[in-house]
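Right, one structure below, let's go through it.
Every number here is computed from the coordinates shown, using simple stated rules; none is lab data. Since this is a predicted model, take the numbers as computed values, not measurements. Backbone-built Cβ (ideal geometry, glycine too); neighbour counts: all protein chains shown.
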Amino acid sequence: MVASPRFRRARLRAAAARYGEARRSLRTPSSEQSRHGLDWTNFFLADVQTGFGTFVAFYLASLNWPQSMIGLALSISTISSVVSQIPGGALADAVRWKRGLVAAGIVMIGTAAMILALAPSFATVFLAELLHGATSGAVTPAIAAISLGLVGRGAMSIRTGRNYRFAAAGNALTAGVMGAAGAYLSQNAIFFAAAGLCIPALVALSRIRGDEIDYARARNAAKGEQAGGAARVIDLARNRPLLLFASAIVLFQFADASMLPSIGVNLAHSGGQRSSLWMSGLIMAPQIVVALLAPWVGFHSEKRGRRPLLLLGFGVEPIRAALLATTAYYPFLVFAQILDGVAGAVIGVLTVLVIADLTTGTGRFNLAVGVVGAMGAVAAALSTTATGYVFQLFGPRIGYLPLAAIAAAATGLIWRFLSETKPEKYLD
């Protein structure tokens, strides 16, 4: 029996009311100033970061770098991120001035962008990528710590979705601006823009009130007398669900990390003068999807649990890789990037939430975020290096097939071994 239009409208109003109630949970205990400061910090941080990654691959290809050297440059950034993420997570747990970690990271990213814009030689590009990788390792857990410290576990799902919405909106908007700058001004204008956007990022960060970031809550620590303590680091290594989830993230990152840079290299060689605009479209498409979906991912992870959404997010990645193996027709590339947006929204939001679920009461939340991020960065580094050579030898049709198989293995690992992680009741 088909539902009547009135019944469907009633269901939509009920869903919107539940979502509105969940959003209102963000209003306590932090102030509107801090909440909006965190929103725009995520937005402008994404602006700054957009100039890196895919645009670096595209930029270097336009300077006639061989694909193997482009892969090596990207790998230096990800290896640097590996080295920095674990100590960055430990710092985010240990220090009370978490905004200072983010501020230092923004300044370092701006420095790396200026290096790429002014002096793109082999040595300086590798230095800039090293600096950028080290920065991202500290910023990611610090943002997670600020978020949890402001709103607590009860509102963290919606807060994380909101973080990703503003970050994705920043990525999408800036990708278009930088693509136009590369097409109509010069390729290095991309990195001048990235450096300039560090200023509003620092202004937004200053709007977050430090006294509203609860130190114990930001570490996901126990309540009461145990709030100042922390579990032993070795206990993280004995947390079987956390290890299983980290393993799935490793496989996913290996499959995902090199797909868009590989597309970018092909576009730079075959797309003509306006290829930077085509590249911007491919970057913008998934970011628009993430901006639309991320808050709903957070909301439905509370209503339906984490596991069904994780299976969806991991499951679209092998489909994306198989599609890229069969065609280079631009509309299909856009569709593949829309699938990437679905995976990015789900896995991005739920990675933070699942780690929070699995580290409750340990005081090691940010360290765990750093460890999982480091493991994913190792996979990304290996992916960009290995696939750079594979694509150079065998071409994209063969190169994407192993990535599809690895993404399917990640999905199978979640389906077979990971149970639901959402607790029945939050400690705070």
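A compact table of results
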item: Packing-based exposure ordering (other Cβ within 10 Å, fewest first) of LEU148, LEU243; result: LEU243, LEU148
item: Burial order of peptide ranges 31-40, 107-116 (average beta-carbon count within 10 Å, highest first); result: 107-116, 31-40
item: Neighbour-count ranking [beta-carbon atoms within 10 angstrom, fewest first] of LYS422, LYS303; result: LYS303, LYS422
item: Equivalent ellipsoid dimensions for the range 307-419 as semi-axes, Å, which come from the Cα gyration tensor, largest first; result: 29, 17, 12
item: Low-density loop positions, trypsin sites (Lys or Arg not before Pro), the range 61-156 - DSSP coil, at most 15 other Cβ in 10 Å; result: ARG96
item: Cβ crowding within 10 Å averaged over residues, with 353-362, 197-206 ranked highest first; result: 353-362, 197-206
item: Alpha-carbon centroids, the range 315-333 and the range 341-403: separation in whole Å; result: 19
item: Exposure proxy ranking, count of Cβ atoms within 10 Å, fewest first, for VAL346, VAL125; result: VAL125, VAL346
item: Label point distance in nm, THR124-LEU63, each placed 7 Å from Cα along Cα→Cβ; result: 0.8
item: Within the range 283-353: Cβ-based charge dipole about Cα centre, in debye rounded to nearest 20 (Lys, Arg +1; Asp, Glu -1); result: 220
